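So the structure is just underneath, and the comments pick up after that.
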Amino acid sequence: MIIVGFGGWEHDANVAMVHDGIVHSIGEEERFTRRRYQGQPHLNSFNFCMNYSGIRLKEIDIVSFFMANDFVAKFEGHYL
């Protein structure tokens, strides 16, 4: 089972890829953009994880998102 997790929507955007319970790759957006506290989007981190792990999009079983309650309340109706 391949799980991709997205975190840090307002700052410190990151992506982690787990394959059969083993962490394969982790990418943090600010490492690619060189901008501290980088928020959305997670494109560079996601691409890094996909390329590093050698996994194709159709192989992903679960996609998870970290969302704090205050985040959902703040952006409800705009993105959700």
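The values are calculated or read from the model by the stated rules, or taken from the named source; none is laboratory data. Since we're looking at a predicted model, the values are computed, not measured. Please note: Cβ atoms are built from the backbone with ideal geometry, for glycine as well, and neighbour counts cover all protein chains shown. The area values use the complete protein model at the heavy-atom level, side chains included, leaving out ligands, DNA and RNA. Shrake-Rupley method; radii C 1.70, N 1.55, O 1.52, S 1.80 Å.
A search for C-beta distances below 6 Å between a residue of the range 49-62 that is farther than 12 Å from Gly5 by Cβ and any residue that is among the hydroxyl-bearing types (Ser, Thr, Tyr), counting only pairs 6+ apart in sequence or on different chains, returns Tyr52/Ser25; Ser53/Ser25.
Checking each residue in the range 23-54 for being in a strand (DSSP E or B) and not β-branched (Val, Ile, Thr) picks out His24, Ser25, Gly27, Glu28. Suppose we keep only residues that are surrounded by 16 or more Cβ atoms within 10 Å (Cβ to Cβ) and hydrophobic (A, V, I, L, M, F, W, C) within the range 33-48. Which one would you say is nearest to Gly7 (Cα to Cα)? My answer is Phe46. Please specify each residue of the range 45-80 satisfying the condition of being among the hydroxyl-bearing types (Ser, Thr, Tyr) and at pLDDT 80 or above. The answer is Ser45, Tyr52, Ser53, Ser64. Count of the range 1-22 residues, restricted to those that are open to solvent by 90 Å² or more (accessible area, probe 1.4 Å) and either assigned to a strand (DSSP E or B) or touching a residue at least 40 places away in the same chain (Cβ under 8 Å) (or both), is 3.
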